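The values are calculated or read from the model by the stated rules, or taken from the named source; none is laboratory data. All values derive from a computational prediction rather than experimental measurement. Glycine also receives a Cβ, built like all others from the backbone with ideal geometry; neighbour counts cover every protein chain displayed. Keep in mind that these areas ignore ligands, DNA and RNA; they rest on the heavy atoms of the full protein, side chains included. Shrake-Rupley method; radii C 1.70, N 1.55, O 1.52, S 1.80 Å.
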Amino acid sequence: MAVIVRDDNGAVLPDPEQAAPADLWRVLRLLPALADDMEREPHSFTVAGPLLIAQYERVAELSEWVTRCTHALHDELADDLHGRQEQPGED
């Protein structure tokens, strides 16, 4: 069962193994704002505790998506580059 990952606007992200580089860039842009939110001084642990848990879960979710996406993009690019090196002169 695949986990549905959404961006900050609620739009569903594509499967990370099928994502395009632009999808990766969109997700990477989410991380600085999330880090800024996590860095803020908590008003109280009662409020901050559940919020931090949710933020940690969000970081883990996005990190897993980014990892899977970058591996897929890396593999695709490596296959393309190795294919071109093995078949010189074909365009």
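Scanning the range 31-44 turns up no residue that is modelled with pLDDT of 90 or more and part of a loop (DSSP other than H, G, I, E, B).
In the range 1-30, which residue that is β-branched (Val, Ile, Thr) and within 18 Å of Leu73 (Cβ to Cβ) is modelled with the lowest pLDDT? Spell out the reasoning first.
Taking the range 1-30 and keeping what is β-branched (Val, Ile, Thr), we get 3-5, 12, 27.
Keeping just the survivors that are within 18 Å of Leu73 (Cβ to Cβ) gives 5, 27.
Numbers: Val5: 92, Val27: 95.
By that ranking, first place goes to Val5.
Inside the range 26-36, residues that are without any contact (Cβ under 8 Å) to a residue 24 or more places away in the chain and loosely packed, with under 13 Cβ neighbours inside 10 Å make up a count of 4.
Under the condition of being under 12 Å from the mean Cα position of the chain (by Cα), open to solvent by 30 Å² or more (accessible area, probe 1.4 Å) and over 27 Å from Pro50 (Cβ atoms), the residues counted in the range 1-25 number 8.
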